[in-house]
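See structure below.
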Amino acid sequence: PRLNAAGANIDNILFLDCCVDPDGSEGPVYLDEHLWLLDAHLEKNPDIRLLVLDTLQSFVGSRTNTNNNASSRRIMTPLKRLAEKHHVAVLCIEHLNKGSTTKADNATYRIQGSIAFCGAARSVWIVCKDKHDPALRYLQASKTNLAPDSQGLGLSYKITGVDGRPFIQWQDTNISTPISELLCTDESGASDHAATQLEQACRFLRRVLTEPVSARDIAAGCKAEMISEATLRRAKEQLGIQ
């Protein structure tokens, strides 16, 4: 419906909803298991120039720990080779975690999962809402290997569509404000919530525990984040983690 509302040519769109196994059963498509399927589709349709993974986490199977850099790179590297083989651009869509951002922060760390996902990308763009207009969005780069950082100009758009089928309407503006500043929760650039050790630990646990993780891995992560064992215990109790 949203493609139709935006005037897209549906004949140029191919949806890959499931994978049919040799025994005839259907299941989700996972990059760590079914890259051969994407390879076959791109081989069969050589005019395809854009592959969209929405969201990237939805295409990651149980074999991959999305919070582990080495594990995440094991799916991103073959995906990169696939894109090079078929001359396609790959757009991976991800959500932001529930942390907060100040002007001094690197906004790339707000993206869910391992930083390896962003590390493998040539360009990382973040969308954020305008503080005063609920329909207005800003699109600004947080990382780019395609141009100097100082030359980056973001874009803005509005979500429109009165019939319940929203689509993007681009605005005639260039945004030079850094994405970390656009993501700030108040005008001064300071977070609404003080960055206490307990809150830092809670943010860390929410980010990491998207699936069961061993206590040893959590302890190692806390050490890297400079979170004490006592603070970790308090955060665990506050969040009701088993």
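The values are calculated or read from the model by the stated rules, or taken from the named source; none is laboratory data. It should be emphasised that the depicted structure is a prediction, and the values quoted were computed from it without experimental measurement. Counting neighbours? That spans all protein chains shown, and the Cβs are built from the backbone with ideal geometry, glycine included. Heads up: the accessible areas ignore ligands, DNA and RNA and are worked out on the full protein's heavy atoms, side chains in. Shrake-Rupley method; radii C 1.70, N 1.55, O 1.52, S 1.80 Å.
Regarding the stretch 149-161, can at least one residue be identified that is of a type in the set (Gly, Ala, Ser), under 30 Å from residue 42 (Cα atoms) and loosely packed, with under 12 Cβ neighbours inside 10 Å? No, every residue in the stretch 149-161 fails to be of a type in the set (Gly, Ala, Ser), under 30 Å from residue 42 (Cα atoms) and loosely packed, with under 12 Cβ neighbours inside 10 Å. Scan the stretch 59-75 and tell me whether some residue there is touching a strand residue (DSSP E or B) at 6+ places or on another chain (Cβ under 8 Å), open to solvent by 70 Å² or more (accessible area, probe 1.4 Å) and among the aromatic types (Phe, Trp, Tyr). Checked the stretch 59-75: no residue is touching a strand residue (DSSP E or B) at 6+ places or on another chain (Cβ under 8 Å), open to solvent by 70 Å² or more (accessible area, probe 1.4 Å) and among the aromatic types (Phe, Trp, Tyr).
The criterion of at least 1 residues that are touching a Lys or Arg at 6+ places or on another chain (Cβ under 6 Å) is met, among strands (runs of 3 or more DSSP E) falling completely within the stretch 20-132, by 123-129. Looking across the stretch 1-16, just one residue is without any contact (Cβ under 8 Å) to a residue 12 or more places away in the chain, closer than 18 Å to residue 54 by Cα, assigned to a loop (DSSP other than H, G, I, E, B) and not aliphatic (A, V, I, L, M), and that is 15. Of all the residues in the stretch 26-56, those that are touching a strand residue (DSSP E or B) at 6+ places or on another chain (Cβ under 9 Å) and open to solvent by less than 50 Å² (accessible area, probe 1.4 Å) number 11. The set of residues from the stretch 107-125 being modelled with pLDDT of 80 or more and either hydroxyl-bearing (Ser, Thr, Tyr) or open to solvent by 40 Å² or more (accessible area, probe 1.4 Å) (or both) comprises 108, 109, 112, 115, 122, 123, 125. Give the residue that is nearest to the chain's Cα centre (by Cα), with candidates limited to residues of the stretch 1-31 that are within 17 Å of residue 83 (Cβ to Cβ) and modelled with pLDDT of 85 or more. Taking the candidates together, the pick is 31.
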